[in-house]
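Below you'll find the structure, written out as structure tokens, and then a few comments.
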Amino acid sequence: MIDLRSDTCSRPTPAMREAIAAAAVGDDVYGDDPTVRELEAETARLLGKEDAVYMPTGTMTNQVGIRVHTEPGDAVLFDQAAHVYLLEGGAPAALSGVLPRTLPGVRGVFTPADVEAAVGRPHRSMPSTVVLPVRLLCVENTHNIGGGSVWPVTAVREVAEAARKHGLALHLDGARLWHACAATGVGEAEYAEPFDTVSVCFSKALGAPVGSCLAGPRRLTDRARRFKQQFGGGFRQAGIIAAGALYALRHHRERLSETHALARRFAEGVEALPGVELDLDTVETNIVRFRMPGVDAGEVVDRAYERGVQVLPSGPDGIRAVFYLDISPADVDRAVAVLGDGPAASA
Ligand SMILES: Cc1ncc(COP(=O)(O)O)c(C=O)c1O
């Protein structure tokens, strides 16, 4: 089976498994798992932040990130297709009691004017007690539903400046920040700099089996440790999995451009198929999204599955494929051939 549903389907390599088997461990709830501590310190250093907190999932690091900045009744600015808003099970409302204000991003990238419009213009004649308190702006880089789109670093700085002007806190969902860095040459710390908190994932194309970190200043990570525990994330000998994350961080980050080349190879193959709509300029990192107008995406997915290729439907006629280090160029060519033989060919 060639599994292109998500880069979360990546598997630990034999060398990563060795690192996992040899991991020194302790009880993370007591703060004495040495491998977790090492991963947190190394991640914080890389992101240019004071501290980082290791948690089981990117959903948890995002949602704890929201919780540390807000109180129930506050509003949060999200891109209209943000993962943290659309694909985390309603958690902002359930866990933090916050209200979403969505921004009209284009493939996840919005503008300072969008931020200004959402915050509004408080006037002294309007009592501050009645106005919806907007507290936090979330940015996603790269953007999943946007098709792995990359924020230019200047655009990040501009929206951050607009948010700061209104006293907003800033959170980055950097589940795939590594890919933005690989695509642009901009360093992780430079991308992270405008944000108070930054979530990064090790379990996607980096290939670790489990986990994410939330990085920020210690005053916020201390608060994050409290909510990590409250949300049920106090895991004990977590060094077992942190060792995989540490291995991924040290050995796989610099290989991510290989996943971008696979995505491009796939996109070029699929774009040439009859009935496919795919703008190659939108393929910036390791995610490819394309449409087959008039074709039922669910049927394409089912048919491809029967022939050994897994992709995901995204909308009635849309398909998503995601690339990671376990996938070879031959797998890509096989996937294109299988898709070319499906309903797309007869559309
Ligand atoms: C952009 C983005 N943020 C957050 C997450 C959540 O990560 P997890 O699956 O570890 O909860 C994902 C998962 O795919 C994602 O794509």
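The values are calculated or read from the model by the stated rules, or taken from the named source; none is laboratory data. Values in this document were obtained by computation on a predicted structure and should not be read as measured data. Neighbour counts run over all protein chains shown; Cβ positions are idealised from the backbone, glycine included. The accessibility values were calculated without ligands, DNA or RNA, using every heavy atom of the protein model including side chains. Shrake-Rupley method; radii C 1.70, N 1.55, O 1.52, S 1.80 Å.
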| message | Here are the criteria: (1) among the small types (Gly, Ala, Ser); (2) on the phi < 0 side of the Ramachandran plot; (3) in contact (Cβ under 8 Å) with a residue 12 or more places away in the chain. Tell me which single one Gly147 does not satisfy. | response | (2)
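Hey, among the residues in region 27-70 that are free of Cβ contacts under 8 Å to residues at least 24 places away in the same chain and part of a loop (DSSP other than H, G, I, E, B), which one's least open to solvent (accessible area, probe 1.4 Å)?
The initial filter retains those residues of region 27-70 that are free of Cβ contacts under 8 Å to residues at least 24 places away in the same chain, namely 30-32, 37, 41, 45.
After this cut, where a residue has to be part of a loop (DSSP other than H, G, I, E, B) as well, the list is 31-32.
Values: Gly31: 35, Asp32: 88 Å².
Among residues in region 27-70 that are free of Cβ contacts under 8 Å to residues at least 24 places away in the same chain and part of a loop (DSSP other than H, G, I, E, B), the one least open to solvent (accessible area, probe 1.4 Å) is Gly31.
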| Quick one: Arg176 ticks every box in (1) surrounded by 18 or more Cβ atoms within 10 Å (Cβ to Cβ); (2) among the basic types (Lys, Arg); (3) in contact with a helix residue (DSSP H, G or I) (Cβ under 6 Å, 6 or more places away or on another chain) bar one, so which box is it? | (3)
| said: Return the pair list, or none, for Cβ contacts closer than 8 Å from residues in region 123-137 that are in the same structural domain as His69 (by TED's automatic domain parsing) to residues that are of a type in the set (Ser, Thr, Tyr), at least 6 apart or on different chains. | reply: Arg135/Thr70; Leu136/Thr70
| remark: For region 71-105 the number of residues that are open to solvent by 40 Å² or more (accessible area, probe 1.4 Å), free of Cβ contacts under 8 Å to residues at least 40 places away in the same chain and under 23 Å from Glu161 (Cβ atoms) is 5
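One line per residue, one yes/no per condition, for (1) in the same structural domain as Asp51 (by TED's automatic domain parsing); (2) open to solvent by 40 Å² or more (accessible area, probe 1.4 Å); (3) under 27 Å from Ser149 (Cβ atoms); (4) not aliphatic (A, V, I, L, M):
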site: Ala182; (1), (2), (3), (4): yes, yes, yes, no
site: Phe195; (1), (2), (3), (4): yes, no, yes, yes
site: Ser203; (1), (2), (3), (4): yes, no, yes, yes
site: Pro209; (1), (2), (3), (4): yes, yes, yes, yes
site: Leu246; (1), (2), (3), (4): yes, no, no, no
site: Ala261; (1), (2), (3), (4): no, yes, yes, no
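Give Leu220, Leu214 a once-over and let me know the one that is closer than 27 Å to Val322 by Cβ and either within 16 Å of the ligand (Cβ to nearest atom) or touching a residue at least 12 places away in the same chain (Cβ under 8 Å) (or both).
Leu214
Restricting attention to region 106-116, and to residues there that are touching a strand residue (DSSP E or B) at 6+ places or on another chain (Cβ under 8 Å), under 15 Å from Leu170 (Cβ atoms) and not in a loop (DSSP other than H, G, I, E, B), which single residue is most open to solvent (accessible area, probe 1.4 Å)?
Filtering first and then ranking leaves Asp114.
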| Matching residues in region 284-298 - criterion: being surrounded by 24 or more Cβ atoms within 10 Å (Cβ to Cβ) and among the β-branched types (Val, Ile, Thr) | Thr285, Ile287, Val288
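Condition check ((1) over 17 Å from the mean Cα position of the chain (by Cα); (2) at pLDDT below 95) across all residues:
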{"residue": "Glu116", "(1), (2)": "yes, no"}
{"residue": "Pro122", "(1), (2)": "yes, yes"}
{"residue": "Thr129", "(1), (2)": "yes, yes"}
{"residue": "Glu140", "(1), (2)": "no, no"}
{"residue": "Asn144", "(1), (2)": "no, no"}
{"residue": "Gly148", "(1), (2)": "no, no"}
| said: I need a count of the residues in region 263-283 that are open to solvent by 40 Å² or more (accessible area, probe 1.4 Å) and of a type in the set (Ser, Thr, Tyr). | reply: 0
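Residues Ala208, Ala215, Ala163: which one is modelled with pLDDT of 95 or more and part of a helix (DSSP H, G or I)?
On the way: Ala208 fails: part of a helix (DSSP H, G or I); Ala215 fails: part of a helix (DSSP H, G or I).
So the residue among Ala208, Ala215, Ala163 that is modelled with pLDDT of 95 or more and part of a helix (DSSP H, G or I) is Ala163.
Considering only residues of region 173-199 that are more than 10 Å from the ligand (Cβ to nearest atom) and assigned to a strand (DSSP E or B), which is farthest from Gly58 (Cα to Cα)?
The initial filter retains those residues of region 173-199 that are more than 10 Å from the ligand (Cβ to nearest atom), namely 178-198.
Those left that are additionally assigned to a strand (DSSP E or B): 197-198.
Working: Thr197: 13, Val198: 11 Å.
Out of the qualifying residues, it is Thr197.
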